[in-house]
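No lab work stands behind these numbers, since they all come straight from the coordinates. Every value quoted in this text rests on a predicted model; they were computed, and no experiment measured them. Cβ placement follows ideal geometry from the backbone for every residue including glycine, while neighbour counts extend to all protein chains displayed.
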Amino acid sequence: MAANEHKNLSSINRHNPKGFETAINDTVLSKTAGTSATGTDGNLEWKNKSYMGVTNYKMQGYTTGATNYYYGEDIADTNSPYEMAVDYGTGTVSSGSISPTNFFRIGQACVIPETASVTSISGWLTSDGSNAVTIAICKITPVEGVITAVTPIVIDEISADGLSSNSKGVRINETTITTAALAAGDIIFPMIKEVSGGSAIYMNLTVQTTTF
């Protein structure tokens with residue numbers, strides 16, 4: 001066999017893969033799906049790294065709207081995890097706090113297993129009123145052994161007007177995230193408020209993260 005076969009070349013003598021020079025930064029080499037029965041006729045393509053290591057966190061719940069933020073019931077409550085009836089005490093996330101006793105037991109809360117970044121918040125909202133409804137996706141970074149109440153950090157706030165019917169969905173598709181970075185062990189969860197209370201509100205969302 002020839003000594004200059006590609007497999008025998010040292011790193012400095014090997015060329016970059018096809019399309020490397022024109023590929024956008026922070027992309028990885030992949031292969032398109034193709035159309036053959038064997039699934040092998042795809043072409044090389046460079047894809048954004050945000051498509052790799054994707055995790056989806058489902059957040060679904062309902063509440064009777066109020067001007068304060070509300071979050072999910074304690075997991076010991078029979079209406080957990082869907083009812084969001086715990087009064088945060090304020091309509092501004094940065095003005096309140098939640099004790100570890102409470103935030104560890106929020107019905108819709110999800111624990112992030114690894115360093116990640118939120119890339120999108122997607123789903124649907126319904127309301128039998130026409131008022132503006134705001135959903136806050138929040139994160140808390142617990143500290144082991146610490147019992148002090150913590151002020152959540154807003155990952156993103158999304159506002160939409162209700163359509164006066166719980167049969168009419170309002171699309172939520174948020175890709176510009178305020179605070180995207182998540183650490184391993186962070187707890188993420190939703191809160192809801194309404195500009196003027198009283199509507200029956202339902203939400204069904206997916207928070208998508210990527211790892212790098």
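Subtracting the Cα-Cα distance of T22 and A184 from their residue separation scaled by 0.36 nm leaves 54.9 nm.
Computed packing ranks the peptides 180-191, 63-74 as 63-74, 180-191, most packed first, by mean other Cβ atoms within 10 Å. Of the GluC sites (Glu not before Pro) in region 112-212, the ones in a loop by DSSP (not H, G, I, E or B) with at most 11 other beta carbons within 10 Å are E144. Shape annotation for the chain: C-alpha extents along the principal axes are 78, 45, 29 Å, from largest to smallest.
Summary value for the chain: 28 percent relative contact order, contacts being C-alpha pairs under 8 angstrom separated by 6+ residues.
With a sphere of radius 10 Å drawn around the Cβ of I135, what net charge do the other residues whose Cβ falls strictly inside it have (Lys, Arg +1; Asp, Glu -1)? Net charge around I135: -2.
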